[in-house]
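Visitor: Got a structure here, written out as structure tokens. Questions coming.
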Amino acid sequence: MLIAMIENQLVNAAEFKAQRKLCKQLVCPGCRQTVIFKHGKSRIPHFSHKSNAICSGFSENESQAHLQGKLTFQQQLKAMSKAAVLEHYLPEIEQRADVYLPSQKLILEYQCSPISFSELSRRTTNYKSLGIEVVWILGDRHLNATKRLDGIAKFARFNTQLGFYMIFYSAKNRQFRLDFQIQEIAGKITSHLRLFDTLAELKRFIDHLPSADQSYSIRISNDAILYQLNRIQRSIVLKNPTYLDMVTRCYQRGRVFVGCPLICHGKDGSRWPIFRRTALCWRVWIVFQLFTGHNQEVSNQELNQVFKQSVQLFGQQFAQVDDYVRFFQMAFTGFIFCLRAEGYLRHTAAGVQIIKQPAWFADYDEKRHYIMTAKPEVC
């Protein structure tokens with residue numbers, strides 16, 4: 001093993017030779033039993049258990065990567081003149097933090113192994129109860145987390161410059177990665193990506209990034225809509241359960257899901273990946289609630305009820321984003337204003353008045369032909 005502990009401080013075997021006469025007892029970070037330092041002409045410096053005790057799980061490469069990553073963070077923070085404590089124990093919540101910056105009341109957690117949403121949320125909440133901010137930095141195992149809604153729900157953070165973002169550190173490549181402006185565009189999760197050699201470079205980039213609204217707006221194209229429709233059509237043919245609920249809901253109302261009004265696609269998909277299912281499903285559901293029936297007016301109370309129900313049915317919870325419901329509120333308000341801008345409804349003092357019905361297409365082919373020939377712009 002390449003990492004051991006001296007008085008609750010991690011030490012790297014490659015750097016240990018010069019200081020070994022000064023130390024007391026070396027212990028394994030995994031089982032806390034005694035280890036000894038070994039090196040020679042035919043072997044690299046390493047630590048080995050003194051006894052034949054079984055070290056539960058610590059022989060795995062991922063555990064070594066985890067410890068090496070924490071050492072890297074500490075060394076690079078030291079180079080930035082920031083004091084960092086490894087394996088800092090917080091007795092109030094009975095948790096041990098990977099890297100603690102006392103002057104900033106900040107914790108860096110390096111997550112190399114699987115973790116459930118509930119456990120990550122619990123640990124994050126516990127840290128915050130002590131007034132400590134936590135940033136989860138993800139290891140190689142989680143490099144595809146930005147492509148999955150469950151990964152985004154667990155690990156994504158948000159600020160006005162980066163939008164929804166995640167930070168990674170590859171122990172294999174010794175490189176940091178920032179995925180930012182994570183968005184759902186026409187049913188696909190997209191993001192911007194930057195690589196950094198050090199934490200200092202990553203921090204400089206974040207500190208000098210312009211406002212997201214100024215630099216990273218994306219407008220959905222007709223090609224993107226066609227690609228989304230094609231994916232949905234294939235999914236339906238293959239009986240994939242992804243869109244089954246919405247396909248059934250449309251069928252019960254005499255509609256075809258892929259024939260939904262173009263306004264449901266939105267001009268920028270969804271600015272945020274805030275839905276358990278695609279933003280398209282959410283918008284189609286909203287259209288049904290507002291434009292089904294004979295009522296020509298929808299009161300503010302009814303609008304509020306539609307909003308709350310849509311959050312319950314489609315809203316994504318986040319482990320690291322406080323007050324995430326505000327994003328649903330902004331998305332809902334934006335779609336209502338979009339419907340108004342296209343002349344489908346009008347605001348009144350009491351709520352909204354229905355002016356006209358959004359047009360549905362009979363099937364996939366009719367909608368595809370219209371998009372390819374008329375080249376419409378969606379709101």
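The values are calculated or read from the model by the stated rules, or taken from the named source; none is laboratory data. Here the structure is a predicted model, which is why all the values come from computation and not from measurement. Virtual Cβ from ideal backbone geometry, glycine too; neighbours counted across all protein chains shown. Please note that ligands, DNA and RNA were not included when accessible areas were found on the heavy atoms of the full protein model with its side chains. Shrake-Rupley method; radii C 1.70, N 1.55, O 1.52, S 1.80 Å.
Visitor: Look at R157 and say whether it is of a type outside the set (G, A, S) and open to solvent by 50 Å² or more (accessible area, probe 1.4 Å).
Guide: no
Visitor: For the range 289-322, what are the residues that are assigned to a loop (DSSP other than H, G, I, E, B) and of a type in the set (F, W, Y)?
Guide: Within the range 289-322, F318 is the sole residue that qualifies.
Visitor: Filter the range 299-320 down to the residues that are over 17 Å from W282 (Cα atoms) and touching a helix residue (DSSP H, G or I) at 6+ places or on another chain (Cβ under 8 Å) and list them by number.
Guide: Once the filter is applied, which keeps residues that are over 17 Å from W282 (Cα atoms) and touching a helix residue (DSSP H, G or I) at 6+ places or on another chain (Cβ under 8 Å), the range 299-320 yields F318, A319, Q320.
Visitor: Does the range 237-288 hold any residues that are in a loop (DSSP other than H, G, I, E, B), surrounded by fewer than 23 Cβ atoms within 10 Å (Cβ to Cβ) and among the aliphatic types (A, V, I, L, M), and which are they?
Guide: Listed by number, the residues that qualify are L238, V256.
Visitor: Collect the residues in the range 101-125 that are polar (S, T, N, Q), in contact with a His (Cβ under 8 Å, 6 or more places away or on another chain) and farther than 15 Å from A153 by Cβ, keeping them in residue-number order. Working first, answer last.
Guide: Within the range 101-125, the subset polar (S, T, N, Q) is 103-104, 111, 113, 116, 118, 121, 124-125.
Restricting the remaining residues to those that are in contact with a His (Cβ under 8 Å, 6 or more places away or on another chain) gives 111, 113.
Across the range 101-125, the qualifying residue is only S113.
To keep it simple, each residue is scored yes or no on (1) open to solvent by 60 Å² or more (accessible area, probe 1.4 Å); (2) hydroxyl-bearing (S, T, Y); (3) touching a residue at least 12 places away in the same chain (Cβ under 8 Å).
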{"position": "H88", "(1), (2), (3)": "no, no, yes"}
{"position": "S103", "(1), (2), (3)": "yes, yes, yes"}
{"position": "I152", "(1), (2), (3)": "no, no, yes"}
{"position": "K172", "(1), (2), (3)": "yes, no, yes"}
{"position": "I182", "(1), (2), (3)": "no, no, yes"}
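Visitor: Answer with yes or no whether A362 is aliphatic (A, V, I, L, M) and either open to solvent by less than 30 Å² (accessible area, probe 1.4 Å) or in a helix (DSSP H, G or I) (or both).
Guide: Numbers: aliphatic (A, V, I, L, M): yes; either open to solvent by less than 30 Å² (accessible area, probe 1.4 Å) or in a helix (DSSP H, G or I) (or both): no.
The answer is no for A362.
Visitor: Quick check: anything in the range 66-84 touching a Lys or Arg at 6+ places or on another chain (Cβ under 6 Å) and assigned by the TED database to the domain that holds T198?
Guide: no
Visitor: Look through A18, A4, A97, A53 and report the one residue that is assigned to a strand (DSSP E or B) and either modelled with pLDDT under 85 or open to solvent by 30 Å² or more (accessible area, probe 1.4 Å) (or both). Give the derivation first.
Guide: Details: A18 fails: assigned to a strand (DSSP E or B); A97 fails: either modelled with pLDDT under 85 or open to solvent by 30 Å² or more (accessible area, probe 1.4 Å) (or both); A53 fails: assigned to a strand (DSSP E or B).
Unique residue meeting the criteria: A4.
Visitor: Still on this structure: Condition (residue is out of contact with any Pro (no Cβ under 6 Å at 6 or more places or on another chain), modelled with pLDDT of 85 or more and at positive phi) applied to the range 75-84: is it met by at least one residue?
Guide: Yes, the conditions are met somewhere in the range 75-84.
Visitor: Suppose we keep only residues that are without any contact (Cβ under 8 Å) to a residue 40 or more places away in the chain and of a type in the set (S, T, N, Q) within the range 302-349. Which one would you say is least open to solvent (accessible area, probe 1.4 Å)?
Guide: Among residues in the range 302-349 that are without any contact (Cβ under 8 Å) to a residue 40 or more places away in the chain and of a type in the set (S, T, N, Q), the one least open to solvent (accessible area, probe 1.4 Å) is S310.
Visitor: What is the one condition in (1) in contact with a strand residue (DSSP E or B) (Cβ under 7 Å, 6 or more places away or on another chain); (2) assigned to a helix (DSSP H, G or I); (3) open to solvent by less than 80 Å² (accessible area, probe 1.4 Å) that V352 does not satisfy?
Guide: Just one mismatch for V352, condition (2).
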